[in-house]
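J.: To start, I am sharing the structure in question, which I have written as structure tokens.
The values are calculated or read from the model by the stated rules, or taken from the named source; none is laboratory data. Quick caveat, the model's predicted, so the values are computed rather than measured. Positions of Cβ are generated from backbone atoms using ideal geometry, with glycine treated the same way; all protein chains shown enter the neighbour counts. These area figures cover heavy atoms from the full protein model, side chains too; ligands, DNA and RNA do not enter into them. Shrake-Rupley method; radii C 1.70, N 1.55, O 1.52, S 1.80 Å.
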Amino acid sequence: MGNTIGIVFGFLGGTIFASERGYKVLQHPNPNREYQRLSEAKWFLALRWCEEFPTPAGILNFQGQFSFYNQAALRIGEHNFLPIKHRQEIFNQCLSLSIGTTTNYSIFVESTTSLITLEIMGIEIDPRYGRVAIIRYL
């Protein structure tokens, strides 16, 4: 059998296509890399999406924990990026959004008397685990 393509679709600015042996991501640095599960290909693109931003960005799960955050978030620290007291409310907002749509959330930082605005997007990477929130500073 040849290298037949079955399904092609976009996800977070990338392209995933199904072949006979699994799923490939066009943006992957290794063009021969195949994922056995669609969720693995989507996870790769979600990580890539977060890494593209020079500002803090990350993936928040239903437990209020970061599954991943980028270098900018690492530099300022996970708790400075998104204080724990705001995480559940942010995740709940993600649940009320249609898949792939965004909303903004603002946090007042008392120590600097400034306002931080976050963009929240709810996506589903793996149906076994439900929705996650992708968050980034605006």
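J.: Output the residues belonging to segment 84-129 that are touching a residue at least 60 places away in the same chain (Cβ under 8 Å), in contact with a Gly (Cβ under 8 Å, 6 or more places away or on another chain) and not in a strand (DSSP E or B).
T.: Matches in segment 84-129: none.
J.: Filter segment 57-82 for residues that are open to solvent by less than 10 Å² (accessible area, probe 1.4 Å) and out of contact with any Pro (no Cβ under 7 Å at 6 or more places or on another chain) and give the result.
T.: ALA57, GLY58, ILE59, LEU60, LEU82
J.: Read through the list (1) in contact with a helix residue (DSSP H, G or I) (Cβ under 8 Å, 6 or more places away or on another chain); (2) part of a strand (DSSP E or B); (3) exposed (fewer than 14 other Cβ atoms within 10 Å of the Cβ), then give the number of the only condition that ILE16 fails.
T.: Against the list (1) in contact with a helix residue (DSSP H, G or I) (Cβ under 8 Å, 6 or more places away or on another chain); (2) part of a strand (DSSP E or B); (3) exposed (fewer than 14 other Cβ atoms within 10 Å of the Cβ), ILE16 comes up short only on (3).
J.: Further question: Just the residues that are open to solvent by less than 30 Å² (accessible area, probe 1.4 Å) and at pLDDT 90 or above, please, taken from segment 126-138.
T.: VAL132, ALA133, ILE134, ILE135 - these are the residues of segment 126-138 that are open to solvent by less than 30 Å² (accessible area, probe 1.4 Å) and at pLDDT 90 or above.
J.: Now for a different question. Quick check on my filter: what residues within segment 83-106 are exposed (fewer than 15 other Cβ atoms within 10 Å of the Cβ) and hydrophobic (A, V, I, L, M, F, W, C)?
T.: Passing the criteria: ILE84, LEU95, ILE99.
J.: Any idea which residue in segment 26-52 is nearest to THR117 (Cα to Cα), counting only those that are assigned to a loop (DSSP other than H, G, I, E, B) and open to solvent by less than 50 Å² (accessible area, probe 1.4 Å)?
T.: HIS28
J.: Next up: Whether any residue in segment 64-78 is in contact (Cβ under 8 Å) with a residue 40 or more places away in the chain and part of a strand (DSSP E or B) is what I want to check.
T.: Yes.
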